[in-house]
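The values are calculated or read from the model by the stated rules, or taken from the named source; none is laboratory data. Quick caveat: nothing in here was measured; it's all calculated off a predicted structure. Positions of Cβ are backbone-derived with ideal geometry, glycine not excepted, and every protein chain shown enters the neighbour counts. Just the protein is used for accessible areas: all its heavy atoms, side chains included, with ligands, DNA and RNA removed. Shrake-Rupley method; radii C 1.70, N 1.55, O 1.52, S 1.80 Å.
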Amino acid sequence: QVQLVESGGGSVQAGGSLRLSCAASGDTYRRNCVAWFRQAPGKQREGVARISRSGGLISYADSVKDRFTISQDNAKNAVSLQMDSLKPEDTAMYYCAAAIFCDTWYGFGFWGQGTQVTVSS
């Protein structure tokens, strides 16, 4: 199985930045896609950003486009999410997930425990 561990969450003021990291271990060779999702209280889970193992496929939710940047560090087998210009609406639990394909927000069968991001105004 694949194990995913998120880190980097915290509390910041609006306009601030945070950098999340997703460390992967286990049988990751078939998991060609890593994505960040988030879920705020009372709201459905939302795909935030995803990146293929090759780095050739990257997708962002419209709500975070131009503010968030997803990247990978193959040497560390990790994926990061740089979040700039944070807004209170970004407050949520952020989860890292892995999938075989990277053409969709579906099919992510492995999930981390999540890291909380809180943005105050």
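In the condition set (1) closer than 22 Å to Val12 by Cβ; (2) touching a Cys at 6+ places or on another chain (Cβ under 9 Å), Cys102 is compliant with all but (1). Does Ser59 count as loosely packed, with under 14 Cβ neighbours inside 10 Å and hydroxyl-bearing (Ser, Thr, Tyr)? Criteria not met by Ser59. Within segment 71-90, being closer than 20 Å to Gly16 by Cα and crowded, with 17+ Cβ neighbours inside 10 Å holds for Ser80, Leu81, Met83, Leu86, Asp90. Lys65 falls short on exactly one of the conditions (1) loosely packed, with under 12 Cβ neighbours inside 10 Å; (2) over 17 Å from Trp105 (Cβ atoms), and that condition is (2).
Count of segment 1-30 residues, restricted to those that are open to solvent by 30 Å² or more (accessible area, probe 1.4 Å), among the hydroxyl-bearing types (Ser, Thr, Tyr) and part of a loop (DSSP other than H, G, I, E, B), is 2.
From the set of residues in segment 44-87 that are among the charged types (D, E, K, R) and not in a loop (DSSP other than H, G, I, E, B), which is nearest to the chain's Cα centre (by Cα)?
Filtering segment 44-87 for residues among the charged types (D, E, K, R) gives 45-46, 50, 53, 62, 65-67, 73, 76, 84, 87.
From what's left, not in a loop (DSSP other than H, G, I, E, B): 46, 50, 73, 76.
Working: Glu46: 10, Arg50: 7, Asp73: 14, Lys76: 16 Å.
Of everything passing the filter in segment 44-87, Arg50 is nearest to the chain's Cα centre (by Cα).
Just one of the listed residues (Phe101, Phe110) is in contact with a Gly (Cβ under 7 Å, 6 or more places away or on another chain) and under 19 Å from Gln1 (Cα atoms), and it is Phe101.
Check segment 52-61 and report whether any residue there is within 19 Å of Ser7 (Cα to Cα), touching a strand residue (DSSP E or B) at 6+ places or on another chain (Cβ under 8 Å) and without any contact (Cβ under 8 Å) to a residue 24 or more places away in the chain. Checked against the condition, which is being within 19 Å of Ser7 (Cα to Cα), touching a strand residue (DSSP E or B) at 6+ places or on another chain (Cβ under 8 Å) and without any contact (Cβ under 8 Å) to a residue 24 or more places away in the chain, segment 52-61 yields no hits at all.
Test Phe101 against the criterion of being surrounded by fewer than 16 Cβ atoms within 10 Å (Cβ to Cβ), of a type outside the set (Gly, Ala, Ser) and touching a residue at least 24 places away in the same chain (Cβ under 8 Å), and give yes or no. Yes: the conditions hold for Phe101.
Within segment 81-89, does at least one residue satisfy the condition of being in contact (Cβ under 8 Å) with a residue 12 or more places away in the chain and farther than 22 Å from Gly10 by Cα?
Our first condition is that a residue be in contact (Cβ under 8 Å) with a residue 12 or more places away in the chain; within segment 81-89, this holds for 81-89.
Still in the list and also farther than 22 Å from Gly10 by Cα: none.
Taking every residue of segment 81-89 in turn, none turns out to be in contact (Cβ under 8 Å) with a residue 12 or more places away in the chain and farther than 22 Å from Gly10 by Cα.
Restricting segment 31-43 to residues that are open to solvent by less than 70 Å² (accessible area, probe 1.4 Å) and assigned to a loop (DSSP other than H, G, I, E, B), which is farthest from Ala99 (Cα to Cα)? Per the criteria, the residue is Ala40.
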